[in-house]
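First the structure, in the form of structure tokens, and then the observations on it.
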Amino acid sequence: MESIGEMMEANRSNWDARVPVHLRGYGLDHLRAGGQRLAAFEYAAIDVDGRDVLHLQSHIGTDTICLARHGARAVGLDLSGASIAAARGLAAECGVDIEYVHSDVYAAVKALGGRRFDVVYTGKGALCWLPDLHRWARVVAELLRPGGVLYAIDFHPLMQAAADEQPATGLLLDGNYLNTGAERYDSPDTYAGVGVLAESTVTYEWAHGLDEVLDAVLSAGLRLTGFVEHDVCCWRRFPSMTDLGDGWFGWPEGVPRLPLMFSVRAEKA
């Protein structure tokens, strides 16, 4: 059985390999032209204008660019060196000033030299790559200034546990809602872009129920100020979903409205 370190290294190699694929399929022309990737309800939850904002697990920096365009003094952090290099190039193309730091989340305090931030943001599809959410939340708490805000938005664990092929009615589950340890995948496919991976196809993910997310945040001493389950998603998880425009999708009329994403807002006392 691989160690956590070996699993994280496999994930780092996989994200390095994803970069050229994602550079062809992330809708970057839309972003370069000033397009938005974050939802209005995200900006309503966090005030980033004129604030020091840290984006954890920033990948190629598309969401970091949006934060910077809204006035944030933005810093992006990611474990993939290839992602960091691509993010710097993309920020230059978009004409925004963003600092990028190469580090995994758990080493972020040291990598950032003890700096503190007004907002720590973590976006969609990030938490499943972290084996220990309690450790993550303690790092976030250390990165925040007093009065600083954590805003985490991610895919709902119910949607994550759903099967890719769904019946005509009802919802079929074939994955874990709760954390049962590392889940190993070996696939050349990636969620975006044109093409497949030629190497580093093995990844490890961890399921996290909402109870685990909230307990991690509260156990780190952060004060919960908001929790929302959203019925919209930036990912067309199922073919029947309705295109809401600007990269967002929702349930079609006449079907049960189950949560697709969730968001957590918490403050450091």
### Message
What whole-number volume per residue, in cubic angstrom, does the convex hull of the C-alpha atoms of the stretch 74-169 give?
### Response
151
### Message
So if the hydrodynamic radius of the stretch 76-234 is defined as the Kirkwood radius over C-alpha pairs, what does Stokes-Einstein give as its diffusion coefficient at 37 °C and 0.692 mPa s, in µm² per second?
### Response
184
### Query
Do any chymotrypsin sites (Phe, Trp or Tyr not before Pro) in the stretch 191-235 lie in a DSSP loop with no more than 16 other beta carbon atoms within 10 Å, and if so, which?
191
### Query
When the Kirkwood radius is taken over all Cα pairs of the stretch 1-146, what Stokes-Einstein diffusion coefficient follows at 4 °C and 1.567 mPa s, in µm²/s?
83
### Task
Give a quick list of GluC sites (Glu not before Pro) in the stretch 163-239 that DSSP marks as loop, anything other than H, G, I, E or B, with at most 14 other Cβ atoms within 10 Å.
165, 199
### Task
Quick one: compute the contact order of the chain, relative version, from alpha carbon pairs under 8 angstrom and 6+ residues apart, as a percent.
20
### Task
Sort 109, 21, 196, 264 so that the residue with the fewest other Cβ atoms within 10 Å of its own Cβ comes first and the one with the most comes last.
196, 109, 21, 264
### Message
If neighbour count is taken as other Cβ atoms inside 10 Å, put 80, 13, 3, 187 in order from fewest to most.
### Response
3, 187, 13, 80
### Task
State the Cα centre-to-centre distance between the stretch 138-196 and the stretch 202-222 in whole Å.
11
#### Entry: Global form of the stretch 61-116, assessed from the alpha-carbon gyration tensor, a/c cut-off 1.5
oblate
### Query
Per the Kirkwood definition applied to all pairs of different Cα atoms, how many angstroms is the hydrodynamic radius of the chain?
19.1
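Might you report the magnitude of the Cβ-based charge dipole of the stretch 159-259 about its Cα centre, with Lys and Arg at +1 and Asp and Glu at -1, to the nearest 20 debye?
Values: 5 positive and 16 negative charges, 47 e Å.
Using Cβ point charges on Lys, Arg, Asp and Glu, the stretch 159-259 gives about 220 debye.
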## Note on the structure
Loop-resident trypsin sites (Lys or Arg not before Pro) in the stretch 61-118 with no more than 14 other Cβ atoms inside 10 Å, DSSP not H/G/I/E/B, are 115
### Query
So for the chain: antiparallel DSSP bridges make up what percent, rounded to the nearest 5?
60
### Task
Work from the charge dipole of the stretch 170-269 (Cβ charges, +1 for Lys and Arg, -1 for Asp and Glu, about the Cα centre) and give the residue of 204, 245, 188 farthest towards its positive end.
245
#### Entry: For the stretch 173-269, fraction of C-alpha pairs farther apart than 24 Å, in %
45
#### Entry: Cα pair distances exceeding 15 angstrom across the stretch 183-235, given as percent
69
## Note on the structure
Relative contact order in percent for the stretch 112-269 (Cα pairs under 8 Å, 6+ apart) equals 29
### Task
With the convex hull built on the Cα atoms of the stretch 1-66, state its orientation-averaged projected area in nm².
6.4
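Bear in mind these aren't lab numbers, they're just calculated from the coordinates by the rules spelled out. Quick caveat: nothing in here was measured; it's all calculated off a predicted structure. Positions of Cβ are generated from backbone atoms using ideal geometry, with glycine treated the same way; all protein chains shown enter the neighbour counts.
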